[in-house]
1. Report the Stokes-Einstein translational diffusion coefficient (µm² s⁻¹, integer) for segment 212-337, Rh taken as the Kirkwood radius over Cα pairs, at 20 °C with viscosity 1.002 mPa s.
2. If you restrict to DSSP beta bridges whose two residues both lie in the chain, what percentage is antiparallel, to the nearest 5?
3. With the radius of gyration and the Kirkwood radius both derived from the Cα set of segment 51-179, what is their ratio Rg to Rh?
4. Read phi for every residue in segment 66-83 and hand back ³J(HN,Hα) as whole Hz from Karplus 6.51 cos²θ - 1.76 cosθ + 1.60, θ = phi - 60°, with x for Gly and Pro.
5. Fewest Cβ neighbours within 10 Å first, please rank VAL220, VAL20, VAL257 accordingly.
6. In degrees from 0 to 90, rounded to the nearest 10, what is the angle of the helix 29-44 Cα long axis to the longest principal axis of the chain?
7. Quick one: compute the contact order of segment 212-337, relative version, from alpha carbon pairs under 8 angstrom and 6+ residues apart, as a percent.
8. In percent, what relative contact order does segment 126-246 have, based on Cα pairs under 8 Å that are 6 or more apart in sequence?
Amino acid sequence: MNADEILEIKELLSTPKKIVIIPHKNPDGDAIGSTLGLSLYLKGLGHDSTVITPNDYPSFLKWIPGEETILKYENETDASQKLIEEADIIFTLDFNHFSRTGDMEAFLEKQATTFIMIDHHQQPDDYATYTYSDTSMSSTCQMVYHFIEQLGDTEKISPEIATCIYVGIMTDTGSFRFRSTTSTTHKVIAALIDKGADNTAIHERIYDANTYSRLQLQGVALKNLKVLPEYKTAYITLSQKELDDHQFKKGDTEGFVNMGLSLEGIIFAVIFIENKGENIIKISLRSKGAFSVNQFSRNHFEGGGHHNAAGGKSNLSMEETVEKFINILPSYKTELCD
Ligand code: 5GP
Ligand code: MN
């Protein structure tokens, strides 16, 4: 964000405002951490700020400071719409296009208020009055830190805000291992620990929150893992029945796709998860190095995301989706194997 824009936003925030903050549908650690961290900061400045998520999120995120104040548009539509209509400023975090908010899309498109986008996904849309987009950033949480930093307010980062921001940097970097993790990321993390984020406790609350049935489901996913060495590719399927048999709850399959990527020699990993409710196969894609899963998903599975981590969907059956996927691979042989 350039200096003029920061000055304008500072001016905007110099008197109490009604603010709504919205992340993408099926919010993850970065989406929840960034929206809550920003919201707590804005509340500290004296604004009336509310986080509205399109829908529910995994229980391993249901402890993050301020989480109990989140409004879920899916269940609390009237109250959410009222707040959105009355808002002086709407922040949209961790997504690049209104379509990523699911059922909120049409309603958001109608709003003529000031929008501020903070996001690290590729190809951002141009709906916002102020767009802070940086695809090189590890996470939207890191961007929220830099946003507060640019406003000259790092001393206003409380232990609660530091905790929120730490969560999203940790989850979006795969615990500080992905390419997007820079020395600046580590400096931000160090500052957050100094400001009161309890790093060990945060890791435990996010990653050591397994249920027995979730671990068993992970076993099923591993059994279903298929490897296509000629394309350096591995994929996993999970049917609705397999999910149902293991009391599947939102978030239970988080991270499973990375198991394929942990195989030696594999640079492209995919998981196909049946969702009978939405009548789709939800797809998560991950890669290492130059192969762009963002492009692959945009081209073939109505999705997108980042260079090495993307999502998408298919309206075909599981069998047909996997067949389609396998049939596409030969046209990427050189990209995958060179
Ligand atoms: P995940 O596989 O963890 O759901 O998502 C990986 C990345 O891709 C995230 O940054 C997420 O925001 C993005 N993503 C997931 N699903 C979709 C989708 O359907 N469309 C687009 N454009 N991005 C997605
Ligand atoms: Mn993110």
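1. Details: Rh = 14.5 Å.
It diffuses with D of about 148 µm²/s by this estimate.
2. 45 percent
3. Details: Rg = 15.0 Å, Rh = 15.8 Å.
My calculation of the ratio gives 0.95.
4. x, 4, 5, 8, 5, 9, 9, 3, 4, 9, 10, 5, 4, 4, 5, 5, 4, 4
5. Working: VAL220 18, VAL20 26, VAL257 23.
Least to most surrounded, the residues fall as VAL220, VAL257, VAL20.
6. Helix 29-44 sits at roughly 0 degrees to that axis.
7. With pairs under 8 Å counted, the relative contact order is 20 percent.
8. On the way: 90 pairs, mean separation 25.2, N = 121.
That works out to 21 percent.
All of the numbers you see were taken from the coordinates with simple rules; none came from a lab. Quick caveat: nothing in here was measured; it's all calculated off a predicted structure. With ideal geometry, Cβ positions are generated from the backbone for all residues, glycine too; neighbour counts draw on all protein chains shown.
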